[in-house]
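Undergrad: Below is a structure I'd like to ask you about.
The values are calculated or read from the model by the stated rules, or taken from the named source; none is laboratory data. On a predicted model such as this, the values are computed, not experimentally measured, just so you know. Note: ideal-geometry Cβ built from the backbone for every residue, glycine included; neighbour counts use all protein chains shown.
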Amino acid sequence: MLSSIILAEFADHPYLHIPEDLMKALISNNEVPYINGCGASTGIMAGVSPSILFGTCVSAACYIHDWRYYSGETLEDKIRADMEFLRNMMLIIENDPSSLKVGTEDLSLRYNEAFMMFKFVHVYGFKDYTTGKNISSPERSYLDDLSHTIYITYKTCMIPFDVLGNAILSKIRSKFSAYKI
């Protein structure tokens, strides 16, 4: 991706912490191939870029996350990158001027979609994170591997229900907050 596009996106979000080594790479290179924005770089979802969350563009968070995946060395670095990704998306939603103009339901949908993106990246981003790296996962028994697969499948199936539950709770909270004196 062109560094000028990324730098312009970062200029729109001065409240984000941009890693110093990323800024050096952007300034010194015209093209930064290991940053592809939102979406998977390989696999069936390659090229699908869900960078707009109900009207809020979170591309800057995706660029930082891509850099963290590129520069990370351990599985702990992946976890930190995923958590930072969620935090940056939340910051962008909070600081987006359009967030002040939308209702509670639409704002909840933005937060829920950000959380859903985080869940997908955290669960399914292992392949993208480890590509080109010498990271070995711990040896696990067949039963451990099977139970992990069942757990991941269960959590993935539950994502729509989590989003629905959060939307219902935010609707209830907004109704009760209207009656406070």
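Listed here are the residues, each with its yes/no results for (1) exposed (fewer than 10 other Cβ atoms within 10 Å of the Cβ); (2) modelled with pLDDT of 80 or more.
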site: Asp96; (1), (2): no, yes
site: Leu100; (1), (2): yes, no
site: Arg110; (1), (2): no, yes
site: Glu139; (1), (2): yes, no
site: Asp144; (1), (2): no, no
site: Thr149; (1), (2): no, no
site: Ile152; (1), (2): no, no
site: Arg173; (1), (2): no, no
site: Ser177; (1), (2): yes, no
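Undergrad: Okay, moving on. Taking the options Asp162, Asp128, name whichever one is acidic (Asp, Glu), at pLDDT 75 or above and in contact with a helix residue (DSSP H, G or I) (Cβ under 9 Å, 6 or more places away or on another chain).
TA: Exactly one of Asp162, Asp128 is acidic (Asp, Glu), at pLDDT 75 or above and in contact with a helix residue (DSSP H, G or I) (Cβ under 9 Å, 6 or more places away or on another chain), namely Asp128.
Undergrad: Counting only residues that are part of a helix (DSSP H, G or I) and under 13 Å from Met83 (Cα atoms), how many does the range 117-129 have?
TA: Count: 7.
Undergrad: For the range 40-58, which positions are under 14 Å from the mean Cα position of the chain (by Cα), at pLDDT 65 or above and either crowded, with 16+ Cβ neighbours inside 10 Å or of a type in the set (Lys, Arg) (or both)?
TA: Ser51, Leu53, Thr56, Cys57, Val58
Undergrad: Considering the range 69-88 alone, what residues qualify as being in contact with a Phe, Trp or Tyr (Cβ under 7 Å, 6 or more places away or on another chain) and part of a helix (DSSP H, G or I)?
TA: To start, the set of residues in the range 69-88 that are in contact with a Phe, Trp or Tyr (Cβ under 7 Å, 6 or more places away or on another chain) comprises 69-70, 72, 78, 81-82, 85-86.
Matches in the range 69-88: Tyr69, Tyr70, Lys78, Ala81, Asp82, Phe85, Leu86.
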